[in-house]
Amino acid sequence: MAHQFTVARSPWGPDDEIGALNHITPESRASIMARVDGSRVFDLSCDYFVGMPTWSALGDPAYQIYKTHDPAGDVVSNPIGLDDEANRLTSYTGDAIAMYTHSGTHIDALNHFGCHGEIYNGFHAHEHFGNRTWNKCGVDTIPPVIARGVMFDIPAVKGVDQLSASYGIGPADLAAAAERQGVTIEAGDVTIVRTGRFQEWPNAEAFLADEPGLNLDGAKWLAERGAMIVCSDNVAVEQLPTEDETTWCPVHMYLFNEKGIPIIEVVNCEELAAAQVYEFAFLGLPLKLRGASASPIRCIAMPLRS
């Protein structure tokens, strides 16, 4: 029977906008940080640059960076109103960027996808969507993420470098990875599902095409075991194209609307996999873009002491 997508009400009350992130508490942060081995840090984020893989095929803007001030140009333009000698002494450089918020390593807020105009916890567009953004469940509501992290290295289970195109990762794959790695999910965990697709970065054609990823049953397996955030090394976390006949993004619909679980995409976990670090402290800081459906996030993994 096909899954019937719905919008859940939050167990944390009618005003809740962060869903599963309520698992982050002073006690949970202190608990994981007390176990950190500070001698190693794994950077899970990608670089941003002109030509990077993005959703431009759907009409969203590609990443651009523009020069606004340059040492030689300021001598000519003199924006501060100084003499030539002062402008030459002080070499001033500035720039601006334009981009889709769902570019590079980024976290999706709970207002990114809804169902019939309604997002997590029953907030409806008729009441809560203004001229530019939602006034509920925006990425600015997401707290600093400091939590236990667990990675599921699916290619390692399969004995391949990366999964085949459009492979759907289900419960059996995740359970096999957990058994092989000796890890379990605890309530409030950040879960990273490795497909190996990041090895194609930054080749846009290879990185974006027919990606392997979670199927709906795989997403349910993670959520039912307590995942607080679901991450992957691909552009959409989920299998594309999907096998679902009702929506092109069943994993997004289920995690956001029914479970209040945000997702992080384009996570570079290649070094983490090479080091066979499957349990770690995860730290991620999104920008506080008011009302936005996503933000770039600088995230790192720090191994735990034995």
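Of the peptides 230-241, 108-119, the ranking by mean beta-carbon count within 10 Å, highest at the top, reads 230-241, 108-119. The stretch 158-204 and the stretch 91-132 have Cα centres separated by 27 Å.
Taking every DSSP beta bridge that has both residues in the stretch 122-260, what percent is antiparallel when rounded to the nearest 5?
On the way: 1 of 14 bridges.
DSSP beta bridges in the stretch 122-260 are roughly 5 percent antiparallel.
Here the extension length gained between V183 and A165 equals 3.8 nm, from 0.36 nm per residue of separation less the Cα-Cα distance.
Take each peptide in 281-292, 201-212, 62-73, count the other Cβ atoms within 10 Å of every residue, and average; sorted highest first, the result is 281-292, 201-212, 62-73. What does the net charge come to around A172 if you take all other residues with beta carbon closer than 11 Å to its beta carbon, with K and R at +1 and D and E at -1? Surrounding charge for A172 is -3. From helices alone, the chain scores -5000 deg cm²/dmol at 222 nm; the rule is -39500 (n - 2.57) for each run of n ≥ 4 DSSP H residues, then divide by the residue total. Here the spin labels are modelled as points 7 Å beyond Cα on the Cα-Cβ line, and at Y66 and T25 they lie 4.8 nm apart.
Would you mind counting up the charge near E224? Only other residues with Cβ under 15 Å from its Cβ, with Lys and Arg at +1 and Asp and Glu at -1. So the environment of E224 carries a net charge of -1. Seen from D43, the other residues with C-beta closer than 13 Å to its C-beta sum to a net charge of -1, counting Lys and Arg as +1 and Asp and Glu as -1. To the nearest 0.05, what FRET efficiency results for E243 and V41 with a Förster distance of 51 Å applied to their C-beta separation? About 0.85, to the nearest 0.05. Give the label of the value calculated from the structure for mean projected area of the Cα convex hull in nm², choosing from [x] 19.2; [y] 24.1; [z] 16.8. Checked against the structure: label [x].
Values quoted throughout were computed directly from the atomic coordinates according to the rules given, and no laboratory measurement underlies them. Nothing here was measured: the structure is a model prediction, and the numbers come from that model. Note that we place each Cβ from the backbone using ideal geometry, even for glycine, and neighbour counts take in every protein chain shown.
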